[in-house]
Amino acid sequence: MSTDNTYAFRSGPQSVRRRWLGGGVLLLVLGLGVPLYQAWDPFFPERTPQYDSLETHFKYGSIGNEDQQGMPYWLWLVLPRVFSDKLPGPGGYTALGLLWEKGQELPVGFSRKEASISLVSPNCALCHTSSYRRSETDGSPVIVSAGAGQRFDAQGYLRFLFECASDPRFNADVLLPELEKLHGFSWVQKQLYRYVVIPKTREALLKQKQHFAWMDTRPAWGPGRAETMNPAKFGFLRMPDDGTIGTAEVPALWGMKARPEGVHHWDGLNPVLREIVLSAAIENGTSSQAINRREVGASLQKVQDFLLESAVPAYPFTLDPERVKAGAAVYAAHCASCHGAQGQGTPQLIPIAEVGTDAHRWDSWSEEAAQRFNDYTRGESWKLSAFRKTAGYLAVPLTGLWLHAPYLHNGSVPSLEELLQPPAKRPTSFYRGNDVYDPARVGFVSDKPSVQRGGVTYTLFRYDTSLPGNGNGGHLHGVELPADSKLALLEFLKTL
Ligand code: HEC
Ligand code: HEC
């Protein structure tokens with residue numbers, strides 16, 4: 001855990017000036033300034049949605065990224081209705097795996113901010129929230145914040161928005177009548193939507209589509225995985241497309257207080273939690289100017305506080321105490337030297353040649369990228385300076401391991417039972433995005449091509465281990481153990 005927990009943001013006259021300027025910046029929806037909005041905005045108080053409960057804030061608070069990632073709320077809401085043909089099933093955004101809690105206005109992972117138009121933008125919980133169900137007919141998934149979100153398809157979400165914008169139906173004649181079914185708009189607001197909001201949002205989405213075109217030359221992420229560093233490299237760090245594949249499994253972020261210092265990211269590319277929170281915010285569209293605003297600094301502080309305090313979820317199914325005891329000894333003998341006595345992780349970096357897992361993610365990060373990220377915030381009072389290139393993958397924390405599935409940095413092995421088999425016996429293809437838990441294999445159900453949710457059948461994503469970046473080899477620890485030791489170890493691993 002990092003000891004440097006302070007969020008240094010500017011205060012005093014500067015922040016007051018910025019608040020007024022911020023009104024204008026706010027309305028550069030998706031980075032596009034519209035003078036008409038600017039003229040109006042000072043009359044609207046700026047409110048960055050924040051919640052007292054750290055967990056509610058994590059799920060629904062703002063990370064201050066509205067100027068670059070904000071979508072006009074009503075427009076965002078209407079897209080799945082008009083373009084339902086572009087979604088993998090019924091249920092609007094939930095078809096992409098988003099979690100929508102009963103009684104909430106937005107799915108987990110989004111905040112809504114009122115400016116001269118209402119904006120919705122994503123936050124950290126969009127990817128970092130897990131859920132599980134006990135069976136296909138179980139109608140109430142258990143939602144676990146700060147989890148290794150396995151259901152949400154981040155790339156599918158981006159592509160849905162890009163495809164909407166590329167469709168000729170993305171125009172005021174089609175969208176306005178649909179918008180009016182949701183909300184009463186004044187004559188002036190309708191003109192705003194017709195002549196500014198709709199065309200500018202379309203333009204901005206098409207620009208982002210261009211920006212993310214490099215994704216199409218790599219294997220699909222599928223639910224529960226994302227590229228986080230290549231978008232930064234090819235985007236604001238201004239590096240050319242180097243052809244690398246950095247797709248990674250979304251890691252669990254809970255219980256960080258118990259983690260040793262420096263144990264972050266699959267390859268340990270930055271050991272300081274505060275820097276990772278700040279850089280993750282930047283990667284998700286929070287600008288330097290926004291970070292300098294007191295309310296955004298306070299919001300990011302709350303996100304970090306939540307990660308430190310969030311509870312590790314206990315295994316919810318029956319355990320065999322005898323086996324757990326026997327398994328603890330197997331763990332101590334074969335695993336603890338790297339992963340720590342309680343599975344809390346260690347800062348040990350295991351060279352790729354030794355751990356033997358897929359090297360693409362490791363290769364995608366470089367000295368140069370680290371240097372550029374460290375230089376990126378020069379001149380700010382909250383500098384980033386700890387980015388580095390490391391020698392391998394970290395011996396990652398195993399706390400709450402039962403809910404990390406699929407396993408390894410690229411999510412290439414669906415269950416713990418299969419991870420304890422030699423690579424030749426691990427499945428070469430399986431289905432991701434299922435939220436029904438399989439206590440026997442210790443992971444999510446992965447051999448069914450579809451899943452039922454609320455009586456609706458959703459097609460799942462087929463993961464192919466032969467594609468570049470998807471390799472399921474390596475990490476041979478425990479694969480040679482006798483069958484009874486493996487069973488015992490599996491039982492113990494459920495308790496971490
Ligand atoms: C689009 C999905 C996505 C969003 C949104 C997202 N993350 Fe992540 N996050 C990931 C992935 C994938 C990784 C693993 C990256 C890697 O190492 O290659 C990660 C890694 C991390 C890590 C390092 C994990 C560890 O072991 O210490 C932290 C901390 C983190 N994210 C925090 C955040 C915060 C804070 C936010 C919001 C400001 C955020 N993330 C938003 C997908 C996401
Ligand atoms: C020599 C050090 C070392 C030993 C010993 C070791 N591991 Fe690992 N383990 C690693 C590294 C490094 C990774 C990350 C590899 C990757 O994701 O590509 C890892 C990853 C894992 C993961 C994936 C975690 C996740 O969130 O997906 C699991 C599970 C795991 N190890 C379990 C075990 C078990 C069980 C043992 C003992 C039988 C063990 N490890 C022994 C180094 C080790």
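Values in this text are rule-based calculations from the coordinates and carry no lab data. Note that the coordinates shown come from a computational prediction; the quantities given were computed from them, not determined experimentally. Backbone-built Cβ (ideal geometry, glycine too); neighbour counts: all protein chains shown.
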Quick one: which of K325/K494; K59/K494; K102/K181; K113/K257; K425/K486; K59/K200 span more than 19 angstrom between C-alpha atoms?
K59/K494; K102/K181; K113/K257; K59/K200
Through the Karplus equation 6.51 cos²θ - 1.76 cosθ + 1.60, θ set to phi - 60°, convert the phi angles of the range 96-108 into ³J(HN,Hα) values in whole Hz; use x for Gly and Pro.
8, x, 5, 9, 10, 6, 4, x, 8, 6, 10, x, 4
Quick one: Karplus J couplings for the range 407-415, per residue in order, coefficients 6.51, -1.76, 1.60, θ = phi - 60°, nearest Hz, x for Gly and Pro?
9, 6, 4, 9, x, 9, 10, x, 9
Inter-part gap, Cα centre of the range 306-367 to Cα centre of the range 85-124, in whole angstrom, is 33
Between V436 and residues 5 or more places away or on another chain, which pairs have amide H atoms under 5 Å apart, with H built 1.01 Å from N, and which residues are they?
R133, V445
Expressed in nm², what is the orientationally averaged projection area of the convex hull enclosing the Cα positions of the chain?
22.5
Built amide H within the under 5 Å cut-off of F152, gap 5+
G224
Fewest Cβ neighbours within 10 Å first, please rank D167, D435, D67, D52 accordingly.
D52, D167, D435, D67
Charges on Cβ only, +1 for Lys and Arg, -1 for Asp and Glu, centred on the Cα centroid of the range 321-493; of F461, L420, V330, which one is farthest towards the dipole's positive end?
F461
So if I place +1 on the C-beta of Lys and Arg and -1 on the C-beta of Asp and Glu, and nothing else carries charge, what would the dipole magnitude of the range 321-493 be about its Cα centre? I want it in debye, nearest 20.
260
Return one number: the angle in degrees, 0 to 90 and rounded to the nearest 10, between the long axis of the Cα atoms of helix 483-493 and the longest principal axis of the Cα atoms of the chain.
40
In degrees, nearest 10, range 0 to 90: what is the angle between the Cα axis of helix 321-334 and the longest Cα principal axis of the chain?
90
Based solely on its DSSP helices, what 222 nm [θ] is calculated for the chain when runs of n ≥ 4 H residues each add -39,500 (n - 2.57) and the sum is averaged over all residues, nearest 500 deg cm²/dmol?
-9500 deg cm²/dmol
Quick check: the angle from helix 294-309's long axis to the longest principal axis of the chain, C-alpha only, nearest 10 degrees?
20
Which of L205, A314, T247, positive extreme of dipole for the chain (C-beta unit charges)
L205
Under 5 Å between amide H atoms, partner at least 5 residues away or on a different chain: which partners does L99 have, H built in plane at 1.01 Å?
V108
Karplus-derived 3J(HN,Hα), 6.51/-1.76/1.60, for each residue of the range 213-224, Hz, glycine and proline x:
4, 4, 4, 5, 9, 10, x, 4, 6, x, x, x
Whole-Å semi-axes of the ellipsoid equivalent to the range 13-309 (Cα gyration tensor, √5λ, descending):
29, 24, 20
Mind putting a number on the dipole of the chain about its Cα centre? Charges go on the C-beta only, +1 for Lys and Arg and -1 for Asp and Glu, and I need it in Debye to the nearest 20.
940
Could you tell me which residue out of H57, S288, L384 lies farthest along the dipole of the chain toward its positive end? Charges go on the beta carbon: Lys and Arg +1, Asp and Glu -1, centred on the Cα centre.
S288
